[in-house]
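The values are calculated or read from the model by the stated rules, or taken from the named source; none is laboratory data. These figures come from a predicted structure and were not determined experimentally. For neighbour counting, all protein chains shown are included, and Cβ atoms are generated from backbone atoms with ideal geometry for every residue, glycine included.
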Amino acid sequence: MSARVTPARMIRLCLKELRESLRDRRTIVTLVLMPLLVYPLLSLVLNRVLLTGTGAKSGTFVTIGVGQELSDSMLPVLLEIGFGQLGYRQTAPLFLEEIVDDRRRGRSQTDEPPASALPRPQIILLPDNGRTALREGTVDVVISRQSPETEMDRASAGQNNSDRVGSENQHEDRIAGAPESRRRSRFNPLRPLVDEIRAQNQLAEDFDLDRLLDAVGTYEVRYRDRDAQSERALQLLERMMTAINIQAVRGALPGYVPPLLLDATPVAMQANYAEMLATMIPLVLVLMTMAGAVYPAIDLTAGERERGTMEALIVSPTSTAVLLLAKYSAVVTVSLLTALANLAAMSVTLWASGIGKLLFGDGLLSLGVIGTVLALLVLFTMFFAALLLAVTSFAKSFKEAQAYLIPLMLLALTPGVMSLMPGLKFTGLLATVPLVNIVLLARQVLVGAAEWNTALVAIICNAVYALTALVVASRLFGSDASMQGSQGSWGDLLMRPLQVKRYPSLDQMALTMSAMFPLYFIASSVLPSMSRDLSTKLWISAAVSFGLILGLPVWVAWYRRIQWFTTFRLQAGRLSQWPLWLSGVVLLGGSAWMLAHEIFIAAQMLGVGTIEIEHFEQVAMFKDQLSSLPWWLVMFVFALTPALCEEGLFRGFVLSSLHRYSAVWAIGLSAILFGLMHVLTSNVLAVERFLPTTFMGLLLAWIALRTGSIWPGVALHALHNGFLLSASRFEEQLRQWHILVEEGKHLPPLWLALGAVAFAAGCAAIWLGTRGAERVRYPFEESPIE
Amino acid sequence: MIVASNLVKNFRWSGRTTQALRGVSFAVPAGEVFGLLGPNGAGKTTTLRIIMGLLRPDSGYAEIGGVRTGPNSAAVRANIGMVSTNDGVYPWLTVREMLMYFADLYAVPFDLARERLDRLVQQLQLAAFLDQRCCTLSTGQKQRVILARGLMHDPPVMLLDEPTRGLDVVGSQTVFEFIFHLKQLGKAVLLSTHRLDEAERVCDRFGLLHRGDLMYAGSLAEIREATQHRHLTDMFLSMMRDGLPPNAQQSAATGGPCPLE
């Protein structure tokens, strides 16, 4: 009986896992209850952060209470005037609109009010001294007139308290406590202001403007200590009063402009907070999605062992890879449901609390953005679920799994919190760091500034990591090591095997690639920049290539006792084959670049291009720099090094690890990996490089399989690169001979025709040179070496 | 149907080596119940694990229907049904869902699986709780579900690892009836147990395992003759008291008692 996996069977296997997870109460708690609780709570915190952090801002207004003894005073009107001086057309008090000074008015009429316009404070008349209202939070500050005695005391003691506004004013000290007739005298400091309003003649006829003069005096303001809202109200009050004082001085001295003017705009502050919050939201979403995956991952792996169902699973003829895939899809599904629940709860909370509008304006938190964030969460979940399964598959019990997961979660939190740093730029390097890349990408999406080539790196990295984690998980899941009665430990897994093998396995390749990928990315961008000298830089980058691209697979093969000779196809072939091979290689070396070039142009025409003009300039500059170096060095670094390293990795290690697939699949997969590596590790993320490089990968892999040797490929690769390098080095000469390929243009038809013929002839030569020869035929199962 | 040939297995724990099996050989033909008896730690479970292909023997081999078992032998596993003391059920699945899931694991076509389910429901009287979630079942009911699970793919070989541990008289009786039923169906049954009374009731032949060695193998009459004891319990006690009898050493050295080969 075979255990062939039909789609229907696979779906039924997945459904069982999903049923098991979704019927469990504990899953439901994380899935439904958590988002219902977390986001409303979070919105409270966010509100708090916004209020303390951003000062006066639209949508949040303060309440100023006016004490009972001021109930018939003109202070509220004066405050309105003061606010009018500060502000903006939309919020200025209506009946005094025209009294704002000319400069201000000019500005307010021409300028659009900024998004963060000052909110107009609410002024409430209180029935008492207002202390209760202040304590209860009904008002944010209470203003009352200072009793004459305290006023005198303070004045004489020369106290200067921030609670009092304008106390330095000499007029006030003189007038304070004076009879009403004195207040109304021509020395009243408010007189110029009142005169100006009268001159404007905008107020109602029966409004006794002189009553405004009564407002002169010292006031006492009470506010709640260490309360952001209250402090904001105090600030606003101070600003309004200062505005009146300045206006009064201006009226007294026509043409007077205060020597120091301050015009603070809270925009920068707001942007920082918005950025921070735009990171916090995806971070919270990511963390919640993680939380959603944790329980099912443990339950479906370590849980199986704890329930005693694992052994029955393992003894079934269904492979552990299939079992794990079913579990993986269930974990991803539950995790995504959690993500959806969280996203919905978050969107509703942001919308209902008004924070969303505050953060992203009106249009930004659209369905499209939410959809993109969801897609990113899908990607993240696919990676994280695989990682979780890899960890929990190893555990023998729930407890053990939890013990493993706590450090993992902490580990995941660190880059997550790091990504909260507002100044952190989402660059190529960070795009390779798991979790950080998703959080930062989501932040870019949320603030509407996503760069899609960095995004592509993040996406591919996540996919690569997910695949690797999955491979590791399926190796660990139900492995001999995890069963009772054996001596399983991590050490066993990494132990050097005793048995010698001829070819690497798929999981060894996946692990090697996913270790090499970020390492190479970092090393090739960091190490060469340590030197200023170009030739040193080139030497370093060649060393990095040899050390990582070639060195890592060579080391892995040695450590895992996989024979180098077979893995890297080191056999040279028969001498009689080489004349044909060599002619094939020369023909292909001279013609393959034309096809690659045409594919490149086609890719650009299809609109997949990302290379920008600056890049061409950089390339031109780089070319100039290269021309100052010895020719052999350039050829060594850019032709021979990649030929040896990349052939060793892709046509050696990678292609050998794909021996269980048919030749077509093996060639295709290795070529795609080859193409991806070139897109991602070059200093410019050039997507249009993918197709021509993949094309070259197909050709080289075919040659490697056909000849059974790495060397024709190395020769072709070196020839191909050398040819292109020479063309750019001797550009001038070529131009003189009128044979120059222009950047971004099709080749002349005659060239193409000749190129196609040479290409066909080259392939034919290789084919003829290998006809009838013995070679390894894919697919095959490796037989152990005795 | 089941052949174990000179199985040797050592476990290494932090530098110390434990000999779990020291050359165990026996054979079980179709339609026979073979009791693998021994005290705790004798090597019964290790033997079963090697036969299932979960463990690789250090030397020797195990075969099912002429095919060697090993970690990659999916075809062999499809021919084995396995019921063990430690087996559990899926608490959140119903009995029906769980049994159908195992049919899927063994790639039993859907319609055939339903037919088998109906038959097993009758045989093991599962109808009353077929659509209940497994977490609501009693121990005896769970055991019946586990027995049914082992038969969903109708394997010619059945391995039972202490199937009555923790069951009351009624539960044990169900297991005995199940074993008789398997015998009638012509299956080769390997029963590992330390309960000698039940082994006497159901097994055709026995193998006495002690510290990794198969001390005796044969029918009850043969073993009685060899050990001069009437009951398995006495044989067991004397075996543990006296250590390795000379004839057992001999049989182990010559490849063990395999009367069927």
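Summary table
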| item | result |
| --- | --- |
| Residue under evaluation B:ALA226, criteria (1) surrounded by fewer than 17 Cβ atoms within 10 Å (Cβ to Cβ); (2) without any contact (Cβ under 8 Å) to a residue 24 or more places away in the chain, criterion not met | (1) |
| Counted residues, segment A:21-46 - those being touching a residue at least 40 places away in the same chain (Cβ under 8 Å) and either away from chain B (no Cβ under 14 Å) or assigned to a helix (DSSP H, G or I) (or both) | 16 |
| Only listed residue being under 23 Å from B:TYR106 (Cα atoms), at pLDDT below 85 and surrounded by 20 or more Cβ atoms within 10 Å (Cβ to Cβ), chosen from A:GLU304, A:GLU311 | A:GLU311 |
| Residue in segment B:184-205 that is more than 28 Å from B:ALA103 (Cα to Cα) and assigned to a strand (DSSP E or B) present | yes |
| Some residue of segment A:476-491 being at pLDDT 75 or above and either buried (at least 23 other Cβ atoms within 10 Å of the Cβ) or over 26 Å from the mean Cα position of the chain (by Cα) (or both) | yes |
| Qualifying position, being surrounded by 17 or more Cβ atoms within 10 Å (Cβ to Cβ), over 14 Å from the mean Cα position of the chain (by Cα) and within 30 Å of B:ILE223 (Cα to Cα), among B:GLY166, B:GLY171 | B:GLY171 |
| Residue within segment B:149-169 that is more than 30 Å from B:ALA27 (Cα to Cα), within 11 Å of chain A (Cβ to nearest Cβ) and in contact with a helix residue (DSSP H, G or I) (Cβ under 8 Å, 6 or more places away or on another chain) present | no |
| Restricting segment A:507-542 to residues that are over 28 Å from the mean Cα position of the chain (by Cα), without any contact (Cβ under 8 Å) to a residue 12 or more places away in the chain and part of a helix (DSSP H, G or I), the residue that is farthest from A:THR320 (Cα to Cα) | A:THR536 |
| Subset of segment B:110-147 [assigned to a helix (DSSP H, G or I) and hydroxyl-bearing (Ser, Thr, Tyr)] | B:THR136, B:THR139 |
| Segment B:6-24 - residue that is surrounded by fewer than 16 Cβ atoms within 10 Å (Cβ to Cβ) and of a type in the set (S, T, N, Q) and, of those, nearest to the other protein chains (Cβ to nearest Cβ) | B:SER14 |
| Pair list, Cβ < 9 Å and 6+ apart or interchain, from segment A:702-731 residues that are farther than 25 Å from A:ARG771 by Cα to residues that are hydroxyl-bearing (Ser, Thr, Tyr) | A:ARG729/A:SER627 |
| Residue in segment A:572-582 that is loosely packed, with under 15 Cβ neighbours inside 10 Å and either in contact with an Asp or Glu (Cβ under 8 Å, 6 or more places away or on another chain) or not in a helix (DSSP H, G or I) (or both) present | yes |
| Single residue of A:PRO76, A:PRO93 found to be more than 14 Å from chain B (Cβ to nearest Cβ), at pLDDT below 70 and within 30 Å of A:GLN146 (Cα to Cα) | A:PRO93 |
| Condition met for B:ALA127 (more than 10 Å from chain A (Cβ to nearest Cβ) and of a type outside the set (Lys, Arg)) | yes |
| Residue within segment A:451-458 that is farther than 24 Å from A:ARG305 by Cα, more than 12 Å from the chain's Cα centre (by Cα), part of a helix (DSSP H, G or I) and at pLDDT 80 or above present | no |
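Residue by residue, here is whether (1) closer than 18 Å to A:VAL544 by Cβ; (2) in the same structural domain as A:HIS717 (by TED's automatic domain parsing); (3) crowded, with 21+ Cβ neighbours inside 10 Å; (4) modelled with pLDDT of 95 or more holds:
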{"residue": "A:SER628", "(1), (2), (3), (4)": "no, yes, no, no"}
{"residue": "A:VAL634", "(1), (2), (3), (4)": "yes, yes, no, no"}
{"residue": "A:LEU640", "(1), (2), (3), (4)": "yes, yes, no, no"}
{"residue": "A:ALA643", "(1), (2), (3), (4)": "yes, yes, yes, no"}
{"residue": "A:SER657", "(1), (2), (3), (4)": "no, yes, yes, no"}
{"residue": "A:ARG660", "(1), (2), (3), (4)": "no, yes, no, no"}
{"residue": "A:ALA663", "(1), (2), (3), (4)": "no, yes, no, no"}
{"residue": "A:ALA666", "(1), (2), (3), (4)": "no, yes, yes, no"}
